[in-house]
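Reviewing the structure listed below.
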Amino acid sequence: MWARIIRECHCEERSSRRLRRRRRRISLFEPRHRRGNLSRDFFASLALTTTFLPLLASAQLSVVRVDTLNVGHERAWAHPCWSPDGKTIYFTASDYAGIWSCPAAGGSLTQITTDRGSGYGFAISADGSRISWRRTLPGTLPGERIQEAVVMDLPGGSPAVIASGRSVSLPSFLRSEPVVSVGDRLQSAPATVLPPGTVTVLGIENTRIAVLRDGVKSLLDPLGDGSYVWPSLSPDGSKLVAYETGKGTFVALPDGSHPVMIGRRDAPDWTRDGRWLIYMDDRDDGHAIRSSGIAYASPDGKVKGALTAASGRIEMFPQCSPVSDAIVCSTLQGEILVITYGETPR
């Protein structure tokens, strides 16, 4: 399993034993759901940060309540994410074999697909009308594999293959239009879908951060010779957060310039207002995660705190609701948790 994950994220080139172990754990849980928004110039970003800092210095986040989503125990559930309207939670199983959904308020479980590998890197369109995933099929020769990118209308549509090949990227969306690369070739990326200058984070390709701007794909390397995971844009599109496997988390402008290191913040995700980063504060022994809680930090890394460190559960890979002060995450035991939080004076 580890060899497959390392190949998936192209992390074989480093020889450091500690870094290899770190990458193995990071690569297994590479983020899947990306936001794309309008870029702002550097001075606007700086002004925004300067405005927020005095407010964040006197503020803190705290848990209001924690609910367990009632989705049964027949599988170990993992990697949940929100629909754009915050009404539905999508997730997969720990082996990535399938995608399911459930109302955030509770209700019946719906299976969307059983495709092998579909739970790794699936994407939801910005209007919530479509879902896309990548599946892996056996080829005609021994040991050969074929990858296909699939898109399906929600709810209850029929899957349609939009790309096929030996190397197909994880899918993304420009609003409701799917975007995927076959090898180095980008397809299904109309430049007219979004306003000029719009930056969309596509994910990770060849250890770099793949972004799309005006229909042109480029690979960002903000720190130089980096190997990146977990990239996402802030809700207003003014900042990019990502994790470099040897150096930690940084926040930069959408084009990757002016990166600021903010320490180790695993699997970071922006709150709906972009004021905070929510992340998993985990500890491992080089082979497995031994403890993990959900924590928060300001975008400059100067204000931080724990949300659920004393819960006793191993909570992982938080995703923030786009419409409310809520976080969804999974546990090592396969539960799906919905954490409601609030901001209070420090």
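No lab work stands behind these numbers, since they all come straight from the coordinates. Small disclaimer: the values here were computed from a predicted structure and weren't measured. In this analysis, Cβ positions are derived from the backbone assuming ideal geometry, glycine residues included, and neighbour counts consider all displayed protein chains.
Answer yes if at least one residue in the stretch 96-116 is charged (D, E, K, R), assigned to a loop (DSSP other than H, G, I, E, B), more than 17 Å from residue 156 (Cα to Cα) and more than 17 Å from the chain's Cα centre (by Cα), and no otherwise.
Let us first name the residues in the stretch 96-116 that are charged (D, E, K, R), namely 115-116.
Next, only the ones that are assigned to a loop (DSSP other than H, G, I, E, B) stay: 115-116.
Going one step further and asking which of them are more than 17 Å from residue 156 (Cα to Cα), we end up with 116.
Those still in the list that are more than 17 Å from the chain's Cα centre (by Cα) too: 116.
Yes, the stretch 96-116 contains at least one residue that is charged (D, E, K, R), assigned to a loop (DSSP other than H, G, I, E, B), more than 17 Å from residue 156 (Cα to Cα) and more than 17 Å from the chain's Cα centre (by Cα).
Please identify the pairs in which a residue from the stretch 138-149 that is without any contact (Cβ under 8 Å) to a residue 60 or more places away in the chain has its Cβ atom under 8 Å from the Cβ atom of a residue that is charged (D, E, K, R) and surrounded by 14 or more Cβ atoms within 10 Å (Cβ to Cβ), counting only partners at least 6 apart or on another chain.
Once the first residue is without any contact (Cβ under 8 Å) to a residue 60 or more places away in the chain and sits in the stretch 138-149, its partners that are charged (D, E, K, R) and surrounded by 14 or more Cβ atoms within 10 Å (Cβ to Cβ) give 147/134; 147/135; 148/134; 148/135; 149/134.
Would you mention how many residues in the stretch 235-255 are of a type outside the set (A, V, I, L, M) and touching a Ser or Thr at 6+ places or on another chain (Cβ under 9 Å)? Don't jump to the end; show me each part of the working.
Taking the stretch 235-255 and keeping what is of a type outside the set (A, V, I, L, M), we get 235-239, 243-250, 254-255.
Imposing the further condition that a residue be touching a Ser or Thr at 6+ places or on another chain (Cβ under 9 Å) reduces the set to 235, 237-239, 243-246, 254-255.
The number of residues fulfilling the criteria is 10.
Looking only at residues that are farther than 25 Å from residue 225 by Cα and of a type outside the set (Asp, Glu) in the stretch 246-276, which one is surrounded by the most Cβ atoms within 10 Å (Cβ to Cβ)? Step through it out loud before you land on a result.
Step one: list which residues in the stretch 246-276 are farther than 25 Å from residue 225 by Cα, which gives 270-276.
Remaining after also requiring of a type outside the set (Asp, Glu): 270-272, 274-276.
Details: 270: 21, 271: 21, 272: 16, 274: 19, 275: 18, 276: 26.
For the stretch 246-276, the residue satisfying everything is 276.
Please go through the stretch 289-346 and pick out each residue that is in a strand (DSSP E or B) and touching a Gly at 6+ places or on another chain (Cβ under 7 Å).
Filtering the stretch 289-346 down to residues in a strand (DSSP E or B) leaves 289-297, 304-306, 315-320, 326-331, 336-345.
Passing the criteria: 295, 296, 306, 315.
Being surrounded by fewer than 20 Cβ atoms within 10 Å (Cβ to Cβ) and farther than 29 Å from residue 279 by Cα is true for just one of 164, 108. Which residue is that? Walk me through it before giving the result.
Numbers: 108 fails: farther than 29 Å from residue 279 by Cα.
Of the residues listed, the single one that is surrounded by fewer than 20 Cβ atoms within 10 Å (Cβ to Cβ) and farther than 29 Å from residue 279 by Cα is 164.
Identify all residues within the stretch 277-288 that are in contact (Cβ under 8 Å) with a residue 40 or more places away in the chain, assigned to a strand (DSSP E or B) and surrounded by fewer than 21 Cβ atoms within 10 Å (Cβ to Cβ); write none if there are none.
284
With 141, 212, 186 as the choices, which residue is over 25 Å from residue 92 (Cα atoms) and outside any strand (DSSP E or B)?
Numbers: 212 fails: outside any strand (DSSP E or B); 186 fails: outside any strand (DSSP E or B).
None of the others qualify; the one that does is 141.
Do you know which of the residues in the stretch 124-134 that are assigned to a strand (DSSP E or B) and surrounded by fewer than 24 Cβ atoms within 10 Å (Cβ to Cβ) is nearest to the chain's Cα centre (by Cα)?
124
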